[in-house]
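The structure under discussion appears below in the form of structure tokens.
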Amino acid sequence: MLRFFQICFLTGTAYTVISFLIGQLFDFVDIDGDVDFDGDVTGVNVSPLKPIVIVAFTTVFGGIGIISINLGLASLVALAIAICSGLFIAFVIYKYIVVPLYKAQNTSAASQTELIGHKAKMRLGTKGDSFGRISYVINDNTYTAPAKSLDGKEINIDEDVIIVEIRKNVFFVDKL
């Protein structure tokens, strides 16, 4: 039983460290800054089966299990304490970290209808039916999105444009 707890603890710890390092790397590189706008958010329904919650449970479950076994508790008692502790910490992280962060993320984003008529800047030019990329600012946050010229005209990098229409998360723009 001790070996099982050790594997859970080491797996959770390794996953946490690797996720942190890779997350920092991808934040630095900024692989994808897109934000999907599906409309206004009226309620938050976040699944508790998020990776951070699962890893928190696994790490605490393993750590408390190791401590319980080392204290000389019976395997079933150690298992019960480890499960309860893991569930408690997973609940706390979900309730006080995941849900509030999800709410904050969704309330800062504007709905698609609010973006129509909004000024943006071309970050990657477009011509004809090719995709470009725009950036725009909402509530002091800068977002990027895939864009196409509304009428197929060429729009160069750093030109100011206006968002005319949004279809399937593709922003159709026109020169200002």
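The values are calculated or read from the model by the stated rules, or taken from the named source; none is laboratory data. Predicted, not measured: the structure shown is a model, and the values here were computed from it. Cβ: placed from backbone, ideal geometry, glycine included. Neighbour counts: every protein chain shown.
General remarks:
- One residue from 149, 85 being of a type in the set (Ser, Thr, Tyr), surrounded by 15 or more Cβ atoms within 10 Å (Cβ to Cβ), without any contact (Cβ under 8 Å) to a residue 40 or more places away in the chain and touching a Ser or Thr at 6+ places or on another chain (Cβ under 6 Å): 149
- Residue identified as touching a Phe, Trp or Tyr at 6+ places or on another chain (Cβ under 8 Å) and aliphatic (A, V, I, L, M) among 155, 163, 138, 116: 163
- Looking only at residues in the stretch 92-148 that are basic (Lys, Arg) and at pLDDT 85 or above, the one that is farthest from the chain's Cα centre (by Cα) is 127.
- Of residues in the stretch 1-18 being at pLDDT 90 or above and among the aromatic types (Phe, Trp, Tyr), the one surrounded by the most Cβ atoms within 10 Å (Cβ to Cβ): 5
- In the stretch 88-104, residue farthest from residue 49 (Cα to Cα) [restricted to those that are out of contact with any helix residue (DSSP H, G or I) (no Cβ under 9 Å at 6 or more places or on another chain), of a type in the set (A, V, I, L, M, F, W, C) and surrounded by 12 or more Cβ atoms within 10 Å (Cβ to Cβ)]: 101
- As a summary of the residue check, residue 171 satisfies the conditions (1) under 29 Å from residue 51 (Cα atoms); (2) touching an Asp or Glu at 6+ places or on another chain (Cβ under 9 Å); (3) not aliphatic (A, V, I, L, M) except for the one numbered (1).
- Residues being modelled with pLDDT of 50 or more, among the β-branched types (Val, Ile, Thr), assigned to a helix (DSSP H, G or I) and under 24 Å from residue 101 (Cβ atoms) are represented in the stretch 35-52 by at least one member.
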